[in-house]
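Structure record follows, encoded as structure tokens.
Rule-based calculations on the coordinates, nothing more; no lab input. Keep in mind that this is a model prediction, so the values were computed, not measured. Ideal geometry is used to build each Cβ from the backbone, glycine not excepted, and the neighbour counts take in all protein chains shown.
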Amino acid sequence: MLAVVLADYGLDEAEVTMESRFTDDLELESIDLVTLAGQLQERWGERINFAEFIAGMELEEIIGLTVGRLVRHVVDRLQHAERS
């Protein structure tokens, strides 16, 4: 999903690691995160609520959001949904 968003900016060859920051390293803007959030919800429905995920974050946390933190959130929510 992230590759699709990056490809829209010609960044499809950007190195993406768990430590990559969406804003600083991948140069994504808030609208790109909205696009990614839509893709996550389209694939996994309400189990992955990006707005809820970032709602409790401070602005600095959102700006510094890493791929790894989002991945861990997705994995956690999917595992939680399986147990329910």
Electrostatic dipole magnitude of the chain [Cβ: Lys, Arg +1; Asp, Glu -1; Cα centre; debye, to 20]: 540 debye
Sum of side-chain charges, residue 84 neighbourhood, beta-carbon under 14 Å (Lys, Arg +1; Asp, Glu -1): 0
Per-residue ³J(HN,Hα) for the stretch 57-72, Karplus 6.51 cos²θ - 1.76 cosθ + 1.60, θ = phi - 60°, Hz, x for Gly and Pro: 8, 6, 4, 4, 5, 5, 4, x, 4, 9, 4, x, 5, 5, 4, 4
Loop-located GluC sites (Glu not before Pro) in the chain whose Cβ has at most 14 other Cβ within 10 Å (DSSP): 13, 15, 19, 27, 29, 58
Cα pair count fraction exceeding 18 Å, expressed as % - the chain: 41 percent
Cα long-axis angle, helix 30-44 against the chain (0 to 90 degrees, to the nearest 10): 40 degrees
Surrounding net charge for residue 1, when Lys and Arg each add one and Asp and Glu each subtract one, Cβ distance under 10 Å: 0
For the chain, with +1 on Lys and Arg beta carbons and -1 on Asp and Glu, the positive-most of 79, 63, 50 along the dipole: 79
Positive minus negative residues near residue 74 (Lys, Arg vs Asp, Glu; Cβ under 11 Å): +4
